[in-house]
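The values are calculated or read from the model by the stated rules, or taken from the named source; none is laboratory data. This is a predicted model, so every value here is computed, not measured. Here Cβ is always computed from backbone atoms with ideal geometry, including for glycine, and neighbour counts include all displayed protein chains. Heavy atoms of the whole protein, side chains included, go into the accessibility calculation; ligands, DNA and RNA do not. Shrake-Rupley method; radii C 1.70, N 1.55, O 1.52, S 1.80 Å.
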Amino acid sequence: MVRRPVAWIVAVVLFVEALGVAALNWFMGVVVDRQDMSLAGMDPDVMATSSKVGGILFGLYFGLCAVVALLVALRDRAPAGVGRVLLISVAVVHGLLGAFAWGLLGWTQFLFMVVVLALIVLLLMTYDAQERPAARQPEGGKGDGGPPVVPAPVTPPTAPTTP
């Protein structure tokens, strides 16, 4: 049973985005290579190769982040360690890409980036909330039907200081 479908959605969106980014950058590299034009004296072969390599690296990065989201969905646990850092970094990347998309491409691309950003933040926040255990019953039986027993605080309150 899927309790939190947001992790599955994020994983699918990031996989699709990884393929799209890699394909788009590869296509741009092919276009630059076939035009055989330079930009400010740069070698066209270097521009084409760097576009292809950048697309592959960005696609692998988004793919790795999608694998982390998939593992979160399969385990139904919050991401920890490097996985959490990857998801936070991909959220920051989508925020930056959204800002660039607003200025360069338009509001529809900006909206897509913001939706993906919101999904990633939702993934991080839903698994961050800890499930609280049910109130403990007294050891002698079912209890008297009064208010639930509240466990003692982990750390005592600080003592007041006098000047």
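Keeping to the range 44-88, report how many residues are touching a Leu at 6+ places or on another chain (Cβ under 8 Å) and within 28 Å of V30 (Cα to Cα).
8
I'd like the full set of residues that are more than 35 Å from the chain's Cα centre (by Cα) and open to solvent by less than 90 Å² (accessible area, probe 1.4 Å), limited to the range 33-42.
If the condition is that a residue be more than 35 Å from the chain's Cα centre (by Cα) and open to solvent by less than 90 Å² (accessible area, probe 1.4 Å), then S38, G41 are the ones that fit.
What tally of residues in the range 48-80 results from selecting those that are open to solvent by less than 30 Å² (accessible area, probe 1.4 Å) and not in a helix (DSSP H, G or I)?
Quick first cut of the range 48-80, residues open to solvent by less than 30 Å² (accessible area, probe 1.4 Å) only: 48, 51, 54-55, 59, 62-63, 65-66, 68-69, 72-73, 79.
From what's left, not in a helix (DSSP H, G or I): 79.
Residues meeting the conditions: 1.
Does F100 satisfy being within 17 Å of L19 (Cβ to Cβ) and open to solvent by 80 Å² or more (accessible area, probe 1.4 Å)?
Taking the combined requirement at face value, the residue does not satisfy it.
For every residue, the table says whether it meets (1) touching a residue at least 40 places away in the same chain (Cβ under 8 Å); (2) over 23 Å from L119 (Cβ atoms); (3) out of contact with any strand residue (DSSP E or B) (no Cβ under 9 Å at 6 or more places or on another chain); (4) open to solvent by 70 Å² or more (accessible area, probe 1.4 Å).
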{"position": "V30", "(1), (2), (3), (4)": "no, yes, yes, no"}
{"position": "P44", "(1), (2), (3), (4)": "no, yes, yes, no"}
{"position": "V93", "(1), (2), (3), (4)": "no, no, yes, no"}
{"position": "W107", "(1), (2), (3), (4)": "no, no, yes, yes"}
